[in-house]
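Colleague: Encoded as structure tokens, here's the structure I'll be asking about.
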Amino acid sequence: MDILNALVVFLNFVFIPAAAYGAQLALGALGVTLIYGILRFSNFAHGDTMAFGTGIVILLTWGLQSLGISAGPLPTALIALPLGIALTALLVLGTDRAVYKFYRRQKAAPIILVMASVGVMFVMNGLTRILIGVDEIRFDDGARFLIAVRDFREMTGLEEGLALRSTQALTVGVALIVMIALFWFLNRTKSGKAMRAYSDNEDLALLSGIDPERVVRLTWIIAAALATIAGTLYGLDKSFKAFNYFQILLPIFAAAIVGGLGNPLGAIAGGFLVAFSEVAVTYPWVKVVGYLAPWYEPGGLMQLLGTEYKFAVSFVILIVVLLFRPTGLFRGKSV
């Protein structure tokens, strides 16, 4: 029974939260790696694109709720998500036309585009704060738990109870569907193949008759969709606060670089690797060890780092990968 209790504690506080967080990072990293692979620059405005898209979804959710429209046991935000994606896509397309297109025509160095994206990041951050404010917002309605602690205890007779929030299950499920759809699009459709060809060899793709501006537009639309979905799932699972999406940019970039910039499969693997590393390093293992080795009396919480150092884990992983394998685990483009 002690082993089962230890397993439940592990699932409750490590595996399930890390799986949900990893799915959110993976979706965010997919957007970053898509921009890097096709448009050839690191988009530092991606985190604030997530914040803006989520802010739009929240406003639309409030509007639907005021009209008495809901999704039953599911969050109302899912109904608002398609329109939120469309409005965010319009914003990033407008940003591309106003900012990035000029530098592409000038064939500017990637670092110039990176600096331009930093400027866009601050503008989008300010826009999001004006739009929805700076306070913490919870917008998860519908059923709260798929598995409740009390029900699990009564069903199993274990001392520890398992809790699975609906937003956690929804995050993993939606992320899986989005990832499958993206890989299908990139590998099976004419537009997806054109994007891959443009990423592999821009000059050869142009000689083949591929329209570069269409590829650019598709890239921004998909990146906006990924950012809005990732941001909304992150907000549903935790809460929405504009500054949090600026902070999450580091683990997202760490995930993309660890997996291999420009490699979608690597972005997914990197997202889960970073998430599980952050959660495992900052979790106090004393309770799990107490069940597995009841004779052992640890002198502390058996926690490698406090939760306030969570993002430091991403930074360390990023530095190690850049030093020893700059192309990432799945051999993307070197940074």
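The values are calculated or read from the model by the stated rules, or taken from the named source; none is laboratory data. Note that the coordinates shown come from a computational prediction; the quantities given were computed from them, not determined experimentally. Please note: Cβ atoms are built from the backbone with ideal geometry, for glycine as well, and neighbour counts cover all protein chains shown. Just so you know, the surface numbers come from the protein's heavy atoms only, side chains and all, with ligands and any DNA or RNA stripped out. Shrake-Rupley method; radii C 1.70, N 1.55, O 1.52, S 1.80 Å.
Colleague: Within the range 157-264, considering only helices (runs of 4 or more DSSP H) that don't extend past its boundaries, which have at least 2 residues that are without any contact (Cβ under 8 Å) to a residue 60 or more places away in the chain?
Modeller: Values: elements: 166-188, 190-200, 202-207, 212-237, 242-247, 249-259.
Where helices (runs of 4 or more DSSP H) fall fully within the range 157-264 and carry at least 2 residues being without any contact (Cβ under 8 Å) to a residue 60 or more places away in the chain, they are 166-188, 190-200, 202-207, 212-237.
Colleague: Ser314 - would you say it is closer than 21 Å to Val32 by Cα and either polar (S, T, N, Q) or in contact with a Lys or Arg (Cβ under 6 Å, 6 or more places away or on another chain) (or both)?
Modeller: Working: closer than 21 Å to Val32 by Cα: yes; either polar (S, T, N, Q) or in contact with a Lys or Arg (Cβ under 6 Å, 6 or more places away or on another chain) (or both): yes.
When the stated conditions are applied, Ser314 passes them.
Colleague: Another one. Is one or more of the residues making up the range 81-97 among the polar types (S, T, N, Q) and either over 25 Å from Phe243 (Cα atoms) or assigned to a loop (DSSP other than H, G, I, E, B) (or both)?
Modeller: Narrowing the range 81-97 to residues among the polar types (S, T, N, Q): 88, 95.
With the extra rule that they be either over 25 Å from Phe243 (Cα atoms) or assigned to a loop (DSSP other than H, G, I, E, B) (or both), the set shrinks to none.
Among the residues of the range 81-97, not one is among the polar types (S, T, N, Q) and either over 25 Å from Phe243 (Cα atoms) or assigned to a loop (DSSP other than H, G, I, E, B) (or both), which makes the answer no.
Colleague: Still on this model: Determine, yes or no, whether Ile69 is surrounded by fewer than 20 Cβ atoms within 10 Å (Cβ to Cβ) and not in a helix (DSSP H, G or I). Quick ask: steps written out before the conclusion?
Modeller: On the way: surrounded by fewer than 20 Cβ atoms within 10 Å (Cβ to Cβ): yes; not in a helix (DSSP H, G or I): yes.
Answer is yes for this residue.
Colleague: Would you mind telling me which numbered condition in (1) of a type in the set (D, E, K, R); (2) part of a helix (DSSP H, G or I); (3) touching a residue at least 60 places away in the same chain (Cβ under 8 Å) Asp141 fails?
Modeller: Checking Asp141 against (1) of a type in the set (D, E, K, R); (2) part of a helix (DSSP H, G or I); (3) touching a residue at least 60 places away in the same chain (Cβ under 8 Å), the one that fails is (2).
Colleague: Give the residue, chosen from Phe52, Phe152, that is surrounded by 13 or more Cβ atoms within 10 Å (Cβ to Cβ) and closer than 22 Å to Phe240 by Cα.
Modeller: On the way: Phe152 fails: closer than 22 Å to Phe240 by Cα.
Answer to the selection: Phe52.
Colleague: Could you check Ala26 against (1) modelled with pLDDT of 95 or more; (2) open to solvent by 20 Å² or more (accessible area, probe 1.4 Å) and say which number it fails?
Modeller: With (1) modelled with pLDDT of 95 or more; (2) open to solvent by 20 Å² or more (accessible area, probe 1.4 Å) applied to Ala26, the lone miss is (2).
Colleague: Another one. Just checking, does the range 208-225 include any residue being surrounded by fewer than 20 Cβ atoms within 10 Å (Cβ to Cβ), among the polar types (S, T, N, Q) and closer than 30 Å to Val320 by Cα?
Modeller: The answer is no, given that none of the residues of the range 208-225 is surrounded by fewer than 20 Cβ atoms within 10 Å (Cβ to Cβ), among the polar types (S, T, N, Q) and closer than 30 Å to Val320 by Cα.
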